[in-house]
Amino acid sequence: MERKSLEELYHKGELQWEEDEFTVCRSFQFTPPGCHNSCGILYYMKDGKLDHAEGDPLFPYNNGRLCARCLNLTEAAYGEGRLKYPMKRAKEDRGKDKWERISWDEALDLIEEKYNELTGKYGPETVFGFVGTGRNVCFHMPWVVRNAFRSPNVFCSLFSGDSCALPRSASTGAIMGGLPEPDMGQFNESRYDHPQYEFPGTILIWGSNPLISNADAFFGAWITDCMQKGGSKLVVVDPRVNWLASRAEVYIPIRPAADGAVAMAMNTVIIEEGLYDHEFVEYWCYGFEEYAAACAEWTPERAAEIAWCDAEDIRRAARLIATNGPCAFPFAVSNDHKRNGVSAYFAMFGMLAITGNYEKPGSNVIASDPWGVGVLMAYAGGSTDGQIAPETMEKRIGYKGYPMREAGMTTVGLGDECLRTLETGKPYPLTMCWMTGTNPIANMSADAPRAYNALKKVEFTVVCDYHMTPTIQALADLVLPVAFNWERNTLRLWYTPVRATRKISEYYECKSDEEICVLVGQRMNPEFFKEKNINDDVDLLEYIITCADHPTSTWHELMDDTGYLWPEYEYGKHESGKLRPDGAVGFGTPTGRIELYSTLFAQFGFSPVPTYQEPDESPYSTPELFEEYPLVLTTGARNWEYFHSEQRDQPHMRATRPDPIVEINPKDAAKYGIENNEWVWIENGIGRCRQRAWVNDGMLEGCVSADHGWWFPEQDPEEPSFYGVFESNINNLVEQCNPGAYSFGAPYRGTLCKVYKCTDENSRITPGQQTVNGGFHELTYRGLVEPPANA
Ligand SMILES: Nc1nc2c(c(=O)[nH]1)N[C@H]1C(S)=C(S)[C@@H](COP(=O)(O)OP(=O)(O)OC[C@H]3O[C@@H](n4cnc5c(=O)[nH]c(N)nc54)[C@H](O)[C@@H]3O)O[C@H]1N2
Ligand SMILES: Nc1nc2c(c(=O)[nH]1)N[C@H]1C(S)=C(S)[C@@H](COP(=O)(O)OP(=O)(O)OC[C@H]3O[C@@H](n4cnc5c(=O)[nH]c(N)nc54)[C@H](O)[C@@H]3O)O[C@H]1N2
Ligand SMILES: [Mo]
């Protein structure tokens, strides 16, 4: 029998075909559900609904591979929790599961009425917006808030220290004027076969787990591709043994948050042993001497002592990175999730610089999207388009007085400042909240009880989501149901290739985030939308493309073709003058070189070279506290089943990970009398929550790693439970309003805690009861307050 080629079997070049009882639609999965990637996907549609999905074997990004969450898309889209209609709730019913279905027109009327009432009293700046992590929904909220509501107040939820991506981009922005991404061949369509491509000799995996997380437009299995096809070796630095650590050439178990010291010690080894790239340093780096002197304070022995690792491993890792190039370094959030993260990144990216690992195949390269539209549409982007009055702009919260922000490192204000403003009403009340793609009390906010109590004060809250959440039940007055990826027209511009998707199905009255932008915009600022000729979702996309630096096609043109655009990538842009606005050779910094001594940091009064600072609470900075809370806590290691707080209502996901898990070493478990699989309280001076202990040798002794994002859709939706959102919420233990220097980074990883068995006696008051009674700070568990009568 003649065998068909893969191209024939999978209809190369076609966006849609019939197969058996299905219509197969070729597309790219962005969102929902949440994810940082956009894999090639085939939707098998039947009777207008998704029957199942498969990875597209012909798309060279993921080559047919998909993760569990995509394979389970039907449960995500058609499960019980999916929202179908706009719904409102009377303010006095907040906390109760009492929702009234309304039409889109009624929803818009309500928005307009509340907007007029509240801005009439307080001005447009009283409106503020929240967005979550980069799905593809980052530009919508800022667009609505700025261009429809004409307020400058946009935030990444109540995320303390904007602890995702911003610490690392602040660091790399200052030292090299861009964000360098690891090159796994993804920048060219021919991938590993591209004639210029070279596999990394070494891949540095420092506090990330890309096989699971696929973070930041990086497909984790590219690492195993490089290991299999190119023999790449791994250096892994992580307090937990994960799959990659178990295959590493050098594995360094590390005390959470001691990363900066170890990174500086690796630099010391490379410099002292003369292993650095002398030519690259001479031509392309600035301030090597000062940098080397700063790092020299950290010898491998000194770093190993406080990081609870082995000095010889630090040396072995440093030598491998320096001599077995090119070295690629996929990003990680672990180093963003701490107050000293910017500086730790400085030493890590500085190490890549002194070993010459930039802008060449298989190293890290400065990535941008092919049209240069990223600033407008990527992480919390969105332009202002001149719609905000200058005097309103002046009143922006969490921006002024933060030099890195004022210098344009981010378009969002500091979430901690937003929290303080909510709590005090100063400098003015924030009364109308617009949330898109975030579930703050379940996940993004540090100190979840404090966040809940502050957000409760808001007069009118609108949430756009695809399913019911604890945040909606606790705080929303109006809910707008959003469309799934295959129910919307959209564009993906988070690095290359540009990808466009089209609407192929509908679900009840759900609308895409783009459609919502346009509806609200036309209602609230009709002149602007008329002037720009934005009448629907696709007009909005086309308009945004025209704002790009070098747009080459339209959404319609992409849709008429393959749906994607993958131009040839150019390496060595520092040598061809493509990294600087003035077209000169070099990097986008004041000196044109990679600034190992950062003139920008110096100008802002920050340390111009890396420094290591102990976390505020640690075995070394607060030894007395460490006696009471003798374990180092890290949180939020990603798992296969869940993207943050999503998927908890999907039976297939709950079957493999039914409960929140805290990992603990057997020696610690024995010391604190904890058995495997037992429910335990995790507690510190800020709050407590309960999870199930997983006792395992892979967890570094003295440290525990707890799940994030947990709530229980099967539990009571009403106050004080809100689906049990506070019971296992690890952010009960994470401090707010104390971000790191630079205003970036907060202790989501690397603080202190204790762990003890749950008993009936110590479980009488639930964290939910405490939260709705004012939070952990007013009522403590330590015997001061009797349980309320209904406990
Ligand atoms: N499935 C899934 N994928 C996701 C997400 C999700 O929720 N679920 N979230 C997305 C988001 S927003 C992000 S930011 C990325 C994050 O993506 P990653 O950074 O890759 O992922 P994490 O699993 O958070 O952290 C990786 C590793 O860091 C280790 N670690 C913890 N604390 C420390 C520390 O202090 N130092 C060091 N060296 N290691 C430490 C953990 O043990 C874990 O193995 O993932 C994205 N992808
Ligand atoms: N303790 C601890 N806390 C953490 C972390 C940690 O590691 N430890 N990680 C932090 C990090 S790095 C990040 S980035 C944040 C992420 O925090 P968030 O991005 O706020 O993540 P979620 O809590 O899952 O909330 C996202 C909501 O958006 C909805 N949604 C999904 N897709 C769409 C869409 O296309 N449109 C709309 N309108 N809604 C959509 C989902 O249903 C969900 O309710 O969490 C942070 N919180
Ligand atoms: Mo993140």
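The table for this structure:
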read-out: Portion, in percent, of the accessible area of the stretch 623-774 that falls on carbon or sulfur, probe 1.4 Å; value: 50 percent
read-out: Carbon plus sulfur fraction of accessible area for the stretch 429-480, probe 1.4 Å, in percent; value: 53 percent
read-out: Exposure rank, largest accessible area first [D183, D93; 1.4 Å]; value: D93, D183
read-out: Distance from the stretch 267-333 to the stretch 220-261 (C-alpha centre basis), Å; value: 17 Å
read-out: Convex hull volume per residue in cubic angstrom - Cα atoms of the stretch 465-524; value: 121 Å³
read-out: Gain upon complete extension [N762, H194; 0.36 nm per residue less C-alpha separation]; value: 198.4 nm
read-out: Fraction of the pair-distance distribution of the stretch 280-380 above 20 Å, Cα-Cα pairs, percent; value: 53 percent
read-out: Ordering of 714-720, 347-353, 39-45 by packing [mean C-beta count within 10 Å, highest first]; value: 347-353, 39-45, 714-720
read-out: DSSP-defined antiparallel bridges as percent of all bridges, the chain, nearest 5; value: 55 percent
read-out: Sequence ranges 548-558, 740-750, 52-62, ranked by mean other-Cβ count within 10 angstrom, highest first; value: 740-750, 52-62, 548-558
read-out: ³J(HN,Hα), Karplus 6.51/-1.76/1.60, whole Hz, each residue of the stretch 291-303, x for Gly, Pro; value: 5, 4, 5, 5, 5, 4, 4, 10, 7, x, 5, 5, 5
read-out: Overall Cα dimensions of the stretch 6-78, principal axis frame, Å, largest first; value: 31, 30, 15
read-out: Residue-level accessible surface for T461, protein heavy atoms, 1.4 Å, Å²; value: 0 Å²
read-out: Residue-normalised accessible area of the stretch 53-136, expressed per residue, 1.4 Å probe, Å²; value: 41 Å²
read-out: Bins of 5 Å from zero: percent of alpha-carbon pairs in the stretch 180-314; value: 2, 9, 16, 18, 17, 17, 14, 5, 1, 0
read-out: Rg/Rh ratio calculated on Cα atoms of the stretch 623-774 (Kirkwood radius); value: 0.96
read-out: Computed [θ] at 222 nm, deg cm²/dmol, the chain (DSSP H ≥ 4; -39,500 (n - 2.57); rounded to nearest 500); value: -7500 deg cm²/dmol
read-out: Which listed pairs, of K98/K426; K426/K456; K456/K511; K98/K456; K229/K360; K400/K456, have C-alpha distances above 21 Å, in listed order; value: K98/K426; K456/K511; K400/K456
read-out: Sum of side-chain charges, R319 neighbourhood, beta-carbon under 15 Å (Lys, Arg +1; Asp, Glu -1); value: -4
read-out: Under 21 Å from K671, Cα to Cα: lysines that are on another chain or at least 8 residues apart; value: K754, K757
read-out: Where the stretch 182-314 is the region considered: accessible area per residue in Å², 1.4 Å probe; value: 35 Å²
read-out: Cα-derived Rg over Rh, computed across the chain with Rh taken as Kirkwood radius; value: 0.95
read-out: Cα convex hull of the stretch 535-691, projected area averaged across orientations, nm²; value: 18.3 nm²
read-out: Where only alpha carbons of the stretch 1-149 are counted, the Rg and the Dmax (Å); value: 21.3, 77
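The values are calculated or read from the model by the stated rules, or taken from the named source; none is laboratory data. These numbers come from a predicted model, not from an experiment. Methodologically, a virtual Cβ is constructed for each residue, glycine included, from the backbone with ideal geometry; neighbour enumeration extends over all protein chains shown. Please note that ligands, DNA and RNA were not included when accessible areas were found on the heavy atoms of the full protein model with its side chains. Shrake-Rupley method; radii C 1.70, N 1.55, O 1.52, S 1.80 Å.
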